[in-house]
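Notes to accompany the following structure.
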Amino acid sequence: MLKGFKDFIMRGNLVELAVAFVMALAFAAVVTATVTLLMELIGKIFGQPDFTGWRPGDLGVGAWITAVISFVILAAVVYFVIVVPYTKLTERMARGQEETTEPPAEDVALLTEIRDLLAAQRGGATAGGAPDSTV
């Protein structure tokens, strides 16, 4: 019973998930602080950082406006801090993999040459070094 619990705790996926959760909490604090900072800047421009008390025509649209502005700021922070750098990194890694096509290993090249010579001795090779299928 304890062995099963130990195996469950020591699984790689669980540890990775725990690290991701802790990192997400830390990042959430950064994003929240950024939204607060930007809302304060908006407040300096418009005179009020929190629009929840604003009720034009006795409609409580101020809370909705605050929520929308906070959402747009949060989405922008996530996009420019996570999505854009991650996309650029994956594109760079994909290009790096395409550009670094290494020549075949020495033993593979030698075996390919032997194959081509044997095929030529048996009656000719087709384009690309593959033996003729009629042989």
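The values are calculated or read from the model by the stated rules, or taken from the named source; none is laboratory data. What you are looking at is a predicted structure, and each value in this text was computed from that prediction instead of being measured. Note that we place each Cβ from the backbone using ideal geometry, even for glycine, and neighbour counts take in every protein chain shown.
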### Query
Looking only at region 37-50, which residues are exposed (fewer than 13 other Cβ atoms within 10 Å of the Cβ) and not acidic (Asp, Glu)?
Leu37, Leu41, Lys44, Ile45, Phe46, Gly47
### Query
Just for region 56-113: of the residues that are loosely packed, with under 11 Cβ neighbours inside 10 Å and of a type in the set (Asp, Glu), which one is nearest to Met23 (Cα to Cα)?
Glu91
### Query
Looking at this structure, is Gly53 outside any helix (DSSP H, G or I) and either surrounded by fewer than 11 Cβ atoms within 10 Å (Cβ to Cβ) or of a type outside the set (Phe, Trp, Tyr) (or both)?
yes
### Message
If I ask for residues that are in contact (Cβ under 8 Å) with a residue 12 or more places away in the chain and either polar (S, T, N, Q) or not in a helix (DSSP H, G or I) (or both), which ones from region 1-48 would you list?
### Response
Thr34
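Rundown of residues vs (1) out of contact with any His (no Cβ under 8 Å at 6 or more places or on another chain); (2) small (Gly, Ala, Ser); (3) under 16 Å from Ile82 (Cβ atoms), yes/no style:
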| residue | (1), (2), (3) |
| --- | --- |
| Gly4 | yes, yes, no |
| Phe8 | yes, no, no |
| Glu16 | yes, no, no |
| Ala26 | yes, yes, yes |
| Thr32 | yes, no, yes |
| Thr36 | yes, no, no |
| Leu41 | yes, no, no |
| Lys44 | yes, no, no |
| Gly47 | yes, yes, no |
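Are any residues in region 35-81 among the hydroxyl-bearing types (Ser, Thr, Tyr) and either at pLDDT 85 or above or over 26 Å from the mean Cα position of the chain (by Cα) (or both), and if so, which ones?
Listed by number, the residues that qualify are Thr36, Thr52, Thr66, Tyr79.
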### Task
Identify, by number, the condition in (1) assigned to a helix (DSSP H, G or I); (2) modelled with pLDDT under 85; (3) not hydrophobic (A, V, I, L, M, F, W, C) that Tyr86 doesn't meet.
(2)
### Task
Residues being surrounded by fewer than 12 Cβ atoms within 10 Å (Cβ to Cβ) and more than 21 Å from the chain's Cα centre (by Cα): count how many of those fall in region 14-34.
1
